Amino acid sequence: MKEIFSRQLVGDTVLLYVKQHNIISLIIVPEKKEKNIDISTEECFDGLIQLYLTGDTNFANYSSGQTMRNSSTANSFRIKKQTVNENELEKTVETSFCDGKNLTVKNIIIFDKKTGGLKTYNVLKNERAEDICVEMFASFSISGLSPYKTNADDMYIYRTFGNWSAEGRPECRKIESAGLEQSWANYGLRTEKFGAIGSMPVQRYFPFVCIEDRTNDTFWGVMTEAPYSWQIEVNRFNRYISLSGGVADFDYGHYRKILKNGEELKTKTAYITVCSGGIDEVYNRLRRAINVADHSDKEKELPVIYNEYCDSWGGPTHERILKAAEAVKRLGAEYFVIDAGWYCDSPQKWSISVGDFNENIKAFPYTIAETAKKIREIGMIPGIWFEFECVATLAEAFKDETMFLHRDGNRIVSGNRGFLDFRQEKVRSHLKEKVIDFLRVNGFGYVKIDYNECIGIGCDGAESYGAGLAEHIEAVMDFIGEIRREIPEIVIEACASGGHRIEPAFLSVADMTSFSDAHEGYEGAVVAANVNKLCPTRKNQIWAVVNNKYTLSGIRYSLAKTLFGRLCLSGDIIDLTENRLKIVKEFITLYNKVKYILKDDNNFYFGNTDLKYLDLEGAQAVLKISADGIGALIVAHGFKNAGMIAVSHVGLENYEIEDIFASDTAVIEKTGGTVAIQTGNFDACVIHMVKCNK
């Protein structure tokens, strides 16, 4: 028999702590739908605490090898107490458990009153005399999907793919097609377990999942911190679906962690939401929850960036940089970033020379400090590229094998890169000189941190490969924090072969991230829009590559996609023709005018999402509405055979068009709450609207 142990209202969400067989489960529902739930069935929910220790008994139902949930330890925890603390900023629900054998767990759920976001994590403490070995400890566990009286027979699972230059592709499948239909006998566990292994957390999937009950118009969404190997599980044993996730467990990511007497283990943080109204509302809520405050005052105004990589292609020089700086300053750019290759004597060598970072005196005959100084004199903040976690095999620094990560005693090498071991003091000291001191002495105010290979399952030096990987990446993030502590005004961009680190933990230590390496192709507009679903707009740096090989419509197409994030120009600005420069100037004027929308926006997507990226057809449009409702922005892109695309939204009839960025042949028709747009093939249209004072 189930009973409600506790009910907590946090914003528009109800947290129900349900007790059954002395086990506490967490059910979350929209407050407006609470009256429709029914938890009276005898079918069990999964527990709020999901923990597996070495030696545990697995759950039955063929679960071994599929999941480590519902272990004998997990099911032994009993609630001790629950406390609620509230102030003007947040409400915190802390629920304490013990297993009767001197293990305690605290589950923390925090409601942020400003963002409306919910975040949760768990803390395990070993008070036993002997050590314990943790093989799985979930950040979150939500059960009872779906809890309504009306049987949920129309359920869907949403995920988001990673993949290089295709980040953000959405997937929606019926629960049955994902292999999660319950059996005729309510026996035999159904599990869908997915994630990423290694140091590129968005290599395959984003750490996100959503379950939709279409019958009852309810969506449960989660995005978890995942700077290294992670997993999300969708489990079903009976009528109900359960969600959990966090650091990849021993079965999936070779994670084992020993806790001695008195030691604690804290999970990564997960962001959770439940709502009605469609998948776009889930994205909006999660994106708002992870939209952390700016580290730098300069960043509050979302300055225009210029990165010279698509001009020099790995061969920057002092002379060319200063010419480009003069040109982009006239356009209004405020950051000038010198990208890869400043340390080697040939553009072809930038990748195979990573790691030594000795400035190329032929390219910078007056020193790179002088180049940075000249950029500041022009009126811009100079930035520079580093890939300091890796060392290329041909670099001089590769010779000292003791500084690198190893697995089974062998140095880990992926492609042409080895990986420095950030747990070592000598590595940190080396990089303090090569990176932090370099930035400070040479006057750089912006650093682009790139990362172009993956470590894999993990490394030596800890209880398991997975634990070693976790220690190493935590040390990497601490080093990024050290850069900021040493140079407080620095602006930090976190890039990883484009968008392979777009997850909440790395977003929290950096000012912005790179959306993708899909800079020049038409698919970049689709990738940028998709990534913007789970990455806050103001942290999502998107490149517009402009040069004379592009048509005017092609330049407009590339520029418009940057409104799914932060505007970063690249390409040959110096020799750009006047008619192309005119389009760039017009767009930057518009970008500066609509930044108030991009700082905190709600997005709504229109058009087909099941597209062949290399053969795009049709059109897409995204409606962005500012958090205060004052302004709205429609960003439309036409592909092959682009027809009319309609954008409809409740309340849009109360907005008037103020600015248009489009070709003279674009068709725009606004009727009530609908705006119909036809751009032309591989062209774009941007419409800025302002709410009427009626």
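The values are calculated or read from the model by the stated rules, or taken from the named source; none is laboratory data. From a predicted model like this one, the values you see are computed outputs, not experimental measurements. When we count neighbours, we look across all protein chains shown, and the Cβ atoms used for this are built from the backbone with ideal geometry, even at glycine. With ligands, DNA and RNA removed, areas are computed over all heavy atoms of the protein, side chains included. Shrake-Rupley method; radii C 1.70, N 1.55, O 1.52, S 1.80 Å.
Odds and ends about this structure:
- Surface exposure of the stretch 327-403, expressed per residue as accessible area with a 1.4 Å probe, stands at 41 Å².
- For the chain, adding -39500 (n - 2.57) for each run of n ≥ 4 DSSP H residues and dividing by the number of residues yields -5000 deg cm²/dmol at 222 nm.
- Cβ-derived FRET efficiency at R0 56 Å, Asp345 paired with Lys266, nearest 0.05: 0.75
- Helix 465-486 and the longest principal axis of the C-alpha atoms of the chain enclose an angle of approximately 50°.
- Taking only the alpha carbons of the stretch 38-139, we obtain Rg and Dmax values of 15.8, 48 Å in that order.
- Percent of C-alpha pairs per 5 Å bin, the stretch 208-265, short to long: 4, 14, 19, 19, 17, 12, 8, 5, 2, 1
- Taking a straight line from the alpha carbon of Lys582, these lysines sit under 24 Å away, with near neighbours fewer than eight places off in the same chain left out: Lys323, Lys329, Lys549, Lys561, Lys593, Lys595.
- Working from Cα pairs under 8 Å separated by at least six residues, relative contact order for the chain is 10 percent.
- Scanning residues 5 or more positions from Arg128 or on other chains, those with amide H under 5 Å from its amide H are Gly262, with H placed 1.01 Å from N in the peptide plane.
- Annotation: the antiparallel percentage among DSSP beta bridges lying fully within the stretch 559-647 is about 95.
- Whole-percent carbon and sulfur share, accessible surface of the chain, 1.4 Å: 48 percent
- Per residue accessible area in Å² of the stretch 470-540, where ligands, DNA and RNA are left out and the probe is 1.4 Å: 19 Å²
- Low-density loop positions, chymotrypsin sites (Phe, Trp or Tyr not before Pro), the stretch 248-357 - DSSP coil, at most 14 other Cβ in 10 Å: Trp313
- Eligible aspartates and glutamates near Lys106 by straight Cα distance, threshold 20 Å, same-chain separation 8 or greater: Asp46, Glu86, Glu90, Glu94, Glu127, Asp131, Glu135, Glu225, Asp249, Glu263, Glu264
- Of the Cα atoms belonging to the stretch 514-629, the radius of gyration and Dmax stand at 14.0, 41 Å.
- Overall Cα dimensions of the stretch 13-53, principal axis frame, Å, largest first: 39, 22, 12
- Between the stretch 286-339 and the stretch 22-54, the C-alpha centres lie 48 angstrom from each other.
- Principal-axis analysis of the Cα atoms of the chain puts helix 368-378 at an angle of about 80° to the longest axis.
- For the stretch 423-436, the Karplus equation 6.51 cos²θ - 1.76 cosθ + 1.60, evaluated at θ = phi - 60°, returns couplings of 7, 8, 5, 5, 5, 4, 5, 4, 6, 4, 6, 6, 10, 5 Hz by residue, with Gly and Pro reported as x.
- Under 5 Å between amide hydrogens, built in the peptide plane, is the criterion, and for Ile338 it picks out Gly383, Ile384, Trp385 among residues at least 5 positions away or on other chains.
- Around the amide H of Asp517, modelled in the peptide plane, lie the amide H atoms of Ser165, Gly499, all under 5 Å away and 5 or more residues distant in sequence or on another chain.
- Computed extension length for Glu586-Arg173: 144.5 nm, one decimal, from 0.36 nm per residue of separation with the Cα-Cα distance subtracted.
- Percent of Cα pairs exceeding the 38 Å cut-off, where the set is the chain: 38 percent
- For trypsin sites (Lys or Arg not before Pro), the sites in the stretch 506-559 that DSSP calls loop and that have at most 11 other Cβ atoms within 10 Å are Lys549.
- Shape call, the stretch 566-627: gyration tensor on alpha carbons, a/c limit 1.5: oblate
- Here the Karplus curve 6.51 cos²θ - 1.76 cosθ + 1.60, taken at θ = phi - 60°, turns the phi angles of the stretch 173-181 into couplings of 9, 5, 3, 5, 6, 8, x, 10, 7 Hz, with x standing for Gly and Pro.
- Computed E for Val413/Phe194 - FRET, C-beta separation, R0 35 angstrom, nearest 0.05: 0.80
- Listed by chain and number, the lysines whose alpha-carbon sits under 26 Å from that of Lys33, ignoring those within fewer than 8 places in the same chain, are Lys2, Lys19, Lys91, Lys113, Lys114, Lys119, Lys149, Lys174, Lys533.
- Dipole magnitude of the chain about its Cα centre (Cβ charges: Lys, Arg +1; Asp, Glu -1), debye to nearest 20: 880 debye
- The phi-based Karplus calculation (6.51 cos²θ - 1.76 cosθ + 1.60; θ = phi - 60°) puts the 3J(HN,Hα) values of the stretch 15-28 at 9, 10, 9, 9, 10, 8, 6, 6, 9, 9, 10, 10, 10, 10 Hz, whole numbers, x for Gly and Pro.
- Residue separation of Trp164 and Thr215 scaled by 0.36 nm, minus their Cα-Cα distance, works out to 14.8 nm of gained length.
- Relative contact order of the stretch 107-178, defined on C-alpha pairs under 8 angstrom at six or more residues apart (%): 18 percent
- Over the stretch 68-201, accessible surface divided per residue gives 41 Å², non-protein components excluded, 1.4 Å probe.
- Relative to the longest principal axis of the Cα atoms of the chain, helix 318-331 runs at roughly 80 degrees.
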